[in-house]
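Enquirer: First the structure, then my questions, so here it is.
The values are calculated or read from the model by the stated rules, or taken from the named source; none is laboratory data. For clarity, every value in this text was computed on a predicted model and none was experimentally measured. Cβ: placed from backbone, ideal geometry, glycine included. Neighbour counts: every protein chain shown.
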Amino acid sequence: MKVIIIDDEPLARSIVKEYLQKHTALEIVQECNDGFEGVKAIQQHQPDLIFLDIQMPKINGFEMLELIEQPPAVIFTTAFDEYAIKAFDAHAVDYLLKPFNQERFDKAIQKLREQTNSEKANEELLETASQSPSQNHRIVVKTGSKIKIIPVQDVHYLEAADDYVKIFTQEGHFLKNKTMNHFEKVLDGAVFVRSHRSYIVNVQQITRIDPYEKENYVAILRSGAKVPISRAGYVKLRSILGL
Amino acid sequence: MATSPFSVIRFRIIFGISWLIVIADFALLLKWFGLSWREAIIDSLVSNTILILACLLVMNTLRFYTPRRERYLNILVWCIVLTGIWLLLSRWILLLLLNDMEGYTSFMKFSVPVRGSIGFLLIGIMTMISVVWYNWEEQKENEGRKRDAEKLAKDAELFKLRQQLQPHFLFNSLNSINALIGTRPEEARKMIQQLSDFLRGTLKKEEQQWVSLKEELQYLQLYLDIEKVRFGNRLSAEIESDEKALELKLPALLLQPIVENAIKFGLYDTTGETRISIKVSSEENKLVIQVKNPFDPETSSPKQGTGFGLSSVQRRLYLLFARADLLNTEANENIFTTTVKIPQVSNA
């Protein structure tokens with residue numbers, strides 16, 4: 001089995017390495033300093049298991065997982081307190097609270113062996129992970145081989161596109177494999193309004209609202225883009241803009 | 001409960017002298033109305049002694065019962081009733097003592113309205129003085145209580161703000177030590193020592209609010225050494241200070257959260273090396289601390305990035321100096337600068 005360790009602290013990686021020594025079936029193929037390296041290494045090696053820290057530079061462990069299409073089994077290693085990590089309890093293979101000992105570590109490996117149907121668990125893990133606190137102030141997307149972090153205030157509007165959501169910004173649009181409902185839930189409702197079944201608009205970008213055909217409206221953004229507004233959306237927008 | 005005005009010696013003297021004057025004046029007045037010296041003095045002594053007792057009764061009652069503003073009418077009624085009782089009582093005793101004197105009985109009858117007026121006036125004045133005194137006492141007490149409550153709340157909040165040691169830091173440090181034990185036990189031992197000294201510093205500083213910069217920098221160095229072990233080559237820090245600034249004072253445990261914030265901001269917002277620079281200087285009776293860290297302007301708006309520990313620093317400075325302008329942050333290209341100015345309090 002191939003293993004990748006992702007943690008920004010060298011000593012934290014070395015303790016995992018040390019505990020892994022007796023598990024000869026597990027082979028460390030790479031160690032990574034941060035989520036960027038992690039994404040690359042996972043694509044390259046297709047590991048069976050990753051040890052993942054949560055608090056890391058640039059993008060955290062949850063955000064990194066979002067960028068991987070078919071994540072491997074995950075064991076979190078973190079100093080997060082138990083309460084904060086409980087939400088992920090059911091979905092990760094296991095989580096190790098730093099500092100942990102060999103015995104606890106072995107138990108996590110044991111759990112991995114017993115785990116079946118890991119694909120479903122991973123899906124749930126991703127859904128839970130996407131509700132991590134950082135989600136409401138930035139969105140991490142992948143464009144080709146590059147990772148882009150978009151601060152939410154830079155988002156003009158979002159548009160549904162089949163299984164994806166198109167995120168429009170100054171620099172063009174980015175695709176993210178999520179639903180409109182997901183974004184409506186995580187984004188700040190006072191700024192991002194579901195103006196239409198297929199659109200969420202950043203109200204700070206709106207310069208004016210024009211009537212459009214009968215009983216419909218359209219929002220004109222600073223960038224010149226036009227975002228459709230449904231009747232229900234118009235009611236919501238009016239209350240938020242205080243009209 | 002309010003203290004009686006009699007607890008003030010000066011008041012006791014004034015009270016005593018005033019009553020001697022009233023007794024003498026009363027006696028002279030009676031003599032002028034045609035009573036003999038004997039009659040005048042006995043009358044004055046008896047009347048006024050009972051009057052004193054009535055006044056003392058009023059003062060003592062008001063000590064336990066301070067009327068609300070709308071109840072002042074009750075006091076007026078009280079004074080009238082008390083005056084009546086005083087009149088009856090003094091008349092009864094005087095007639096008993098002086099009934100052999102010719103004409104005294106008729107004089108007594110004739111003088112009742114005047115006596116009543118004087119008695120009412122004196123009781124009224126004493127009541128007014130008492131009400132004012134006790135109101136003032138109560139107000140003073142309320143203010144004192146309010147001040148105490150505010151001070152307690154402030155102390156508790158300051159204590160809490162000083163105490164905000166990040167559990168993350170502790171657990172991650174312990175994890176590093178755990179890793180070192182297997183491979184480099186000597187370094188593990190050293191780090192345990194540093195961590196202990198650091199924690200002891202937090203405990204010790206609970207009591208003293210102000211420390212010298214020199215002391216605080218030693219404490220900060222411990223923190224930096226621990227963080228350097230954790231993050232290895234990714235983290236470097238330099239401290240620059242002038243001799244004069246070293247003796248200046250600052251609130252305990254204020255510097256470390258600022259540096260901690262800079263380290264976190266630097267380490268978690270960039271993937272490269274994080275270089276923290278700390279510069280301290282003195283300026284117009286102020287200690288100026290400047291902490292710089294790198295950040296990525298593309299991914300974090302500096303406003304959000306200041307989050308972490310700085311709000312508690314800001315709050316502490318406000319509680320200590322009642323000023324909101326002592327903490328400033330500035331983002332310049334890819335360097336984020338936090339500047340804190342600490343006024344030097346002479347009696348600190």
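Residues are listed down the side, and each one gets a yes or a no for (1) touching a residue at least 24 places away in the same chain (Cβ under 8 Å); (2) assigned by TED's automatic domain parsing to the domain that holds A:ALA232; (3) surrounded by 18 or more Cβ atoms within 10 Å (Cβ to Cβ):
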site	(1), (2), (3)
A:LYS146	no, yes, no
A:ASP162	no, yes, no
A:VAL165	no, yes, yes
A:GLN170	yes, yes, no
A:LYS178	yes, yes, yes
A:HIS182	yes, yes, no
A:ASP188	yes, yes, no
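Enquirer: If you scan the stretch A:158-203, which residues turn out to be aliphatic (A, V, I, L, M) and over 21 Å from the mean Cα position of the chain (by Cα)?
Expert: A:ALA190, A:VAL203
Enquirer: Then there's this: So, B:SER130, is that one under 30 Å from B:ARG12 (Cα atoms), in a helix (DSSP H, G or I) and either within 14 Å of chain A (Cβ to nearest Cβ) or touching a Leu at 6+ places or on another chain (Cβ under 6 Å) (or both) or not?
Expert: Numbers: under 30 Å from B:ARG12 (Cα atoms): yes; in a helix (DSSP H, G or I): yes; either within 14 Å of chain A (Cβ to nearest Cβ) or touching a Leu at 6+ places or on another chain (Cβ under 6 Å) (or both): yes.
So B:SER130 passes the test.
Enquirer: Filter the stretch A:181-203 for residues that are at pLDDT below 90 and assigned to a helix (DSSP H, G or I) and give the result.
Expert: Within the stretch A:181-203, A:ASN181, A:HIS182, A:PHE183, A:GLU184, A:LYS185, A:VAL186 qualify.
Enquirer: If only one of B:LYS190, B:LYS228 is under 23 Å from A:LEU11 (Cα atoms), modelled with pLDDT of 90 or more, in contact with a Ser or Thr (Cβ under 8 Å, 6 or more places away or on another chain) and assigned by TED's automatic domain parsing to the domain that holds B:LEU317, which one is it?
Expert: Working: B:LYS190 fails: in contact with a Ser or Thr (Cβ under 8 Å, 6 or more places away or on another chain).
Among B:LYS190, B:LYS228, only B:LYS228 is under 23 Å from A:LEU11 (Cα atoms), modelled with pLDDT of 90 or more, in contact with a Ser or Thr (Cβ under 8 Å, 6 or more places away or on another chain) and assigned by TED's automatic domain parsing to the domain that holds B:LEU317.
Enquirer: Moving on. Considering every residue within the stretch A:2-15, establish whether at least one is in contact with a Cys (Cβ under 9 Å, 6 or more places away or on another chain), buried (at least 23 other Cβ atoms within 10 Å of the Cβ), away from chain B (no Cβ under 14 Å) and in contact (Cβ under 8 Å) with a residue 24 or more places away in the chain.
Expert: For the stretch A:2-15, residues in contact with a Cys (Cβ under 9 Å, 6 or more places away or on another chain), buried (at least 23 other Cβ atoms within 10 Å of the Cβ), away from chain B (no Cβ under 14 Å) and in contact (Cβ under 8 Å) with a residue 24 or more places away in the chain: present.
Enquirer: Kindly establish whether A:VAL152 is more than 25 Å from A:GLN43 (Cβ to Cβ), touching a His at 6+ places or on another chain (Cβ under 9 Å) and modelled with pLDDT of 85 or more.
Expert: Details: more than 25 Å from A:GLN43 (Cβ to Cβ): yes; touching a His at 6+ places or on another chain (Cβ under 9 Å): yes; modelled with pLDDT of 85 or more: yes.
For A:VAL152, the condition - more than 25 Å from A:GLN43 (Cβ to Cβ), touching a His at 6+ places or on another chain (Cβ under 9 Å) and modelled with pLDDT of 85 or more - is met.
Enquirer: What residue, among those in the stretch B:279-293 that are free of Cβ contacts under 8 Å to residues at least 60 places away in the same chain and surrounded by 22 or more Cβ atoms within 10 Å (Cβ to Cβ), is nearest to the other protein chains (Cβ to nearest Cβ)?
Expert: Within the stretch B:279-293, the subset free of Cβ contacts under 8 Å to residues at least 60 places away in the same chain is B:279, B:281-286, B:288-293.
This time we only want the ones that are surrounded by 22 or more Cβ atoms within 10 Å (Cβ to Cβ), so: B:289, B:291, B:293.
Values: B:ILE289: 25, B:VAL291: 19, B:ASN293: 13 Å.
Among them, the one singled out is B:ASN293.
Enquirer: Give me the pairs, please: first residue somewhere in the stretch B:252-278 and more than 14 Å from every other protein chain (Cβ to nearest Cβ), second residue anywhere and part of a loop (DSSP other than H, G, I, E, B) and at pLDDT 85 or above, beta-carbon distance under 9 Å, and either six or more positions apart or on two chains.
Expert: none
Enquirer: Looking at B:LEU122, B:LEU87, B:LEU152, B:LEU95, can you tell me which residue is touching a Gly at 6+ places or on another chain (Cβ under 8 Å), aliphatic (A, V, I, L, M) and not assigned by TED's automatic domain parsing to the domain that holds B:VAL313?
Expert: Numbers: B:LEU122 fails: touching a Gly at 6+ places or on another chain (Cβ under 8 Å); B:LEU152 fails: touching a Gly at 6+ places or on another chain (Cβ under 8 Å); B:LEU95 fails: touching a Gly at 6+ places or on another chain (Cβ under 8 Å).
Of the residues listed, the single one that is touching a Gly at 6+ places or on another chain (Cβ under 8 Å), aliphatic (A, V, I, L, M) and not assigned by TED's automatic domain parsing to the domain that holds B:VAL313 is B:LEU87.
Enquirer: Does B:LYS204 satisfy the criteria of being of a type in the set (Lys, Arg) and either in contact (Cβ under 8 Å) with a residue 12 or more places away in the chain or within 14 Å of another protein chain (Cβ to nearest Cβ) (or both)?
Expert: On the way: of a type in the set (Lys, Arg): yes; either in contact (Cβ under 8 Å) with a residue 12 or more places away in the chain or within 14 Å of another protein chain (Cβ to nearest Cβ) (or both): no.
For B:LYS204, the condition - of a type in the set (Lys, Arg) and either in contact (Cβ under 8 Å) with a residue 12 or more places away in the chain or within 14 Å of another protein chain (Cβ to nearest Cβ) (or both) - is not met.
Enquirer: Out of all the residues in the stretch B:227-244, which are crowded, with 21+ Cβ neighbours inside 10 Å and more than 11 Å from chain A (Cβ to nearest Cβ)?
Expert: Within the stretch B:227-244, just B:ALA237 meets the criteria.
Enquirer: So which residues in the stretch A:204-243 are within 30 Å of the chain's Cα centre (by Cα), surrounded by fewer than 16 Cβ atoms within 10 Å (Cβ to Cβ) and not in a helix (DSSP H, G or I), if there are any at all?
Expert: A:ILE220, A:ARG222, A:SER223, A:GLY224, A:ALA225, A:LYS226
Enquirer: While we're looking at this one, here's another question. Do we have B:THR183 as under 33 Å from the mean Cα position of the chain (by Cα) and either β-branched (Val, Ile, Thr) or within 12 Å of chain A (Cβ to nearest Cβ) (or both) here?
Expert: Values: under 33 Å from the mean Cα position of the chain (by Cα): no; either β-branched (Val, Ile, Thr) or within 12 Å of chain A (Cβ to nearest Cβ) (or both): yes.
Judged against the criteria, B:THR183 is not a match.
Enquirer: To continue, here is another question. For the stretch B:201-210, check the following and say yes or no: at least one residue is within 27 Å of B:GLY272 (Cβ to Cβ) and of a type in the set (Phe, Trp, Tyr). Walk me through how you get there before you give the answer.
Expert: Let us first name the residues in the stretch B:201-210 that are within 27 Å of B:GLY272 (Cβ to Cβ), namely none.
There is no residue in the stretch B:201-210 that is within 27 Å of B:GLY272 (Cβ to Cβ) and of a type in the set (Phe, Trp, Tyr).
Enquirer: Could you list all residues from the stretch A:55-83 that are within 14 Å of another protein chain (Cβ to nearest Cβ), among the β-branched types (Val, Ile, Thr) and free of Cβ contacts under 8 Å to residues at least 60 places away in the same chain?
Expert: A:THR78
Enquirer: Which of the residues that make up the stretch B:222-266 are outside any helix (DSSP H, G or I), over 28 Å from B:ALA188 (Cβ atoms) and acidic (Asp, Glu)? Step through it out loud before you land on a result.
Expert: Taking the stretch B:222-266 first, the residues outside any helix (DSSP H, G or I) are B:235-242, B:247-254.
If we keep only those that are over 28 Å from B:ALA188 (Cβ atoms) as well, we get B:240-242, B:247-252, B:254.
Once the filter is applied, which keeps residues that are outside any helix (DSSP H, G or I), over 28 Å from B:ALA188 (Cβ atoms) and acidic (Asp, Glu), the stretch B:222-266 yields B:GLU240, B:ASP242, B:GLU247.
Enquirer: May I ask you to list the residues in the stretch A:16-34 that are within 24 Å of the chain's Cα centre (by Cα) and away from chain B (no Cβ under 13 Å)?
Expert: Step one: filter the stretch A:16-34 for residues within 24 Å of the chain's Cα centre (by Cα), giving A:30-34.
Once the filter is applied, which keeps residues that are within 24 Å of the chain's Cα centre (by Cα) and away from chain B (no Cβ under 13 Å), the stretch A:16-34 yields only A:GLN30.
Enquirer: Any chance the stretch B:236-243 includes a residue that's under 37 Å from the mean Cα position of the chain (by Cα) and not hydroxyl-bearing (Ser, Thr, Tyr)?
Expert: Initial filter on the stretch B:236-243 (under 37 Å from the mean Cα position of the chain (by Cα)): B:241-243.
From what is left, the residues that are not hydroxyl-bearing (Ser, Thr, Tyr) are B:242-243.
Yes.
Enquirer: Right, another one. I want to confirm something. Restricting to the stretch A:36-54 and keeping residues that are within 11 Å of chain B (Cβ to nearest Cβ) and out of contact with any Gly (no Cβ under 7 Å at 6 or more places or on another chain), which single residue is farthest from A:PHE105 (Cα to Cα)? I'd like the intermediate steps shown before the answer.
Expert: To start, the set of residues in the stretch A:36-54 that are within 11 Å of chain B (Cβ to nearest Cβ) comprises A:36-37, A:53-54.
Within this subset, residues satisfying the condition of being out of contact with any Gly (no Cβ under 7 Å at 6 or more places or on another chain) are A:36-37.
Values: A:PHE36: 26, A:GLU37: 24 Å.
Checked the stretch A:36-54; the qualifying residue farthest from A:PHE105 (Cα to Cα) is A:PHE36.
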